[in-house]
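I have placed the structure first, in the form of structure tokens, so that the comments after it can refer back to it.
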Amino acid sequence: MAKDYSELADQVVELVGGAENVTYFTHCITRLRFNLKDKNLAEVDALADLPGTIGALWSGDQLQVIIGPAVGNVYDTIVERSGIESRPAVEEEEADAPAEDEKKGFSINNLFATLSACIVPIIPAMCGAGIIKGTLLALSSCGVLATDTGIYTVLSAISDAPFYFLPVLAAIGASKKFNVDQVLGAVIGCLFIHPTIVALAGTDISVLGLPMHILNYSSTVFPVVISIWIMSKVYRFVDKFVPDVLKIILTPSITLLVMTLVCLGVVGPLGYYFGLVLAQVIQTVFDFAPALGGAILGAIRPFVIFTGMQSVFTPIMMNNLAVLGYDYLSSVHTAATMAAAGMCLGAFLRTKDRDSKESYFSFFVSAFIGITEPALYGLAFRFRKQLIALCAGGAAGGAVASVLDVRLYAPAMPSWISFPAFGDTGVKMLISVAVALVVTVAVSYILGFDDAEQKQ
């Protein structure tokens, strides 16, 4: 049975000052967009609190009411019931944003808004895949489902797909945000995970005398978002000087040539080289004060994943297993993973919006089993207060794991499901993840959301 949006439609029209106050009305993939005669008549706070809306905010002279996936149905209902003229949907989620962003310059708000615009469209796919992946891991760990069966192979492939190809999906979202050709942007995303590049991961090559350290960029976001932003500048610059008759050939060709060198020679390795220094610093801190080292590593793990720096820590952890017979960094990563689940649970308990509750709970289930990408990109990197909560819980859990000297004796994913790999320190590992979970739930619930922030 189709949902009735009549009441919501009437309330929205009333709170924007009535149909007679609307001069232009359209929508994008998540938002109703109003241009009004008298902005003072709009009751933005009341619109944000309406059941059925996720938020409301001004973007320049345009009032945007955030609905979510049902925006098309709500829009059609408003047009039908109010008599406001129907307009074509806006393709770009932030079609009017680039000029505004350029005027505003860099700020934390702009950074979070940009990340949100690039990642939010991908979240449903990550949630669905995360739940499937986590369930498969749980069933295989318990011996219920063998990993060599056909059903496991097929489901494992679909559950890995959104995360492996995350650079491509993020490139499409970033291309929308920065108003560049989406297919060209997708090609940049494909470059990062091309089989040849993946096969060269961990090696150094030279291109026209430019040294490149090749990494595995699957499941990373930061390199591709930065690359698409740079590409938007390069494309427009090149396009100014190319004759019209050759634009379709030369502009994309030159752009791709330049961006290949920029992506693999500059942007991509940034996280790697920074990670090398960071890893050495953390190693030194661990040697001097394990609790402090655990707290720092637990707090920064979200940024490690976001920038792709986890590739730096993996060899260190493998070397510890080979030389010492155990690794002490993995316990911190495991505690920080549970902190991501705690953040989602705290946000679920705090928010009053039903749609948000459903999303946050799905994030929680995924993170609880060990798949944290939906939590990171759906919550942490969209809402500053939730990111603070995640860092706090990760720091608490990481510090406890280090103080208790939790040790991993065999390679395993950072999840409580892998606690048998922690051997005689397994109980201590469970204590650490419990601390991370409880602390993050508490901080997430207490901090909540900035009103304007949650409406993005």
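The values are calculated or read from the model by the stated rules, or taken from the named source; none is laboratory data. The structure presented is a predicted model; accordingly, all values stated were derived computationally and were not measured. For neighbour counting, all protein chains shown are included, and Cβ atoms are generated from backbone atoms with ideal geometry for every residue, glycine included.
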Residue pairs meeting the criteria (Cβ under 8 Å; at least 6 apart or on separate chains; first free of Cβ contacts under 8 Å to residues at least 60 places away in the same chain, in the stretch 333-353; second basic (Lys, Arg) and part of a helix (DSSP H, G or I)): Phe348/Lys357
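This table checks each residue for (1) of a type in the set (Ser, Thr, Tyr); (2) within 30 Å of Ile305 (Cβ to Cβ); (3) outside the structural domain of Ile193 (by TED's automatic domain parsing).
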{"position": "Pro211", "(1), (2), (3)": "no, yes, no"}
{"position": "Pro243", "(1), (2), (3)": "no, no, no"}
{"position": "Leu246", "(1), (2), (3)": "no, no, no"}
{"position": "Ser253", "(1), (2), (3)": "yes, no, no"}
{"position": "Leu261", "(1), (2), (3)": "no, yes, no"}
{"position": "Phe286", "(1), (2), (3)": "no, yes, yes"}
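Restrict the check to the stretch 134-151 and report whether at least one residue is in a loop (DSSP other than H, G, I, E, B) and under 18 Å from the mean Cα position of the chain (by Cα).
Filtering the stretch 134-151 down to residues in a loop (DSSP other than H, G, I, E, B) leaves 142-149.
Filter once more, keeping what is under 18 Å from the mean Cα position of the chain (by Cα): none.
No - not one qualifying residue is present in the stretch 134-151.
Can you go through Leu270, Leu250 and tell me which one is in contact (Cβ under 8 Å) with a residue 40 or more places away in the chain and touching a helix residue (DSSP H, G or I) at 6+ places or on another chain (Cβ under 8 Å)?
Values: Leu250 fails: in contact (Cβ under 8 Å) with a residue 40 or more places away in the chain.
Exactly one of Leu270, Leu250 is in contact (Cβ under 8 Å) with a residue 40 or more places away in the chain and touching a helix residue (DSSP H, G or I) at 6+ places or on another chain (Cβ under 8 Å), namely Leu270.
Sort out for me the helices (runs of 4 or more DSSP H) sitting completely within the stretch 346-456 that have 2 or more residues that are among the polar types (S, T, N, Q) and at pLDDT 85 or above. Steps first, answer last, please.
Numbers: elements: 354-369, 384-403, 426-447, 451-454.
Per the criteria, 384-403, 426-447.
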Residue within the stretch 307-327 that is modelled with pLDDT under 90, under 17 Å from the mean Cα position of the chain (by Cα) and either of a type in the set (Lys, Arg) or not in a loop (DSSP other than H, G, I, E, B) (or both) present: yes
Residue tally, condition of a type outside the set (S, T, N, Q), surrounded by 14 or more Cβ atoms within 10 Å (Cβ to Cβ) and within 33 Å of the chain's Cα centre (by Cα), over the stretch 14-32: 8
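Would you mind finding the one in Glu14, Glu20 that is farther than 24 Å from Asp353 by Cα and charged (D, E, K, R)?
Numbers: Glu14 fails: farther than 24 Å from Asp353 by Cα.
It is Glu20.
Kindly establish whether Pro414 is crowded, with 18+ Cβ neighbours inside 10 Å and either among the aliphatic types (A, V, I, L, M) or within 19 Å of Ser140 (Cα to Cα) (or both).
Spelling it out, Pro414 is indeed crowded, with 18+ Cβ neighbours inside 10 Å and either among the aliphatic types (A, V, I, L, M) or within 19 Å of Ser140 (Cα to Cα) (or both).
Take Lys104 and tell me if it is at pLDDT below 85, over 23 Å from Glu358 (Cα atoms) and within 21 Å of the chain's Cα centre (by Cα). Can you show your working first?
Numbers: at pLDDT below 85: yes; over 23 Å from Glu358 (Cα atoms): yes; within 21 Å of the chain's Cα centre (by Cα): no.
For Lys104, the condition - at pLDDT below 85, over 23 Å from Glu358 (Cα atoms) and within 21 Å of the chain's Cα centre (by Cα) - is not met.
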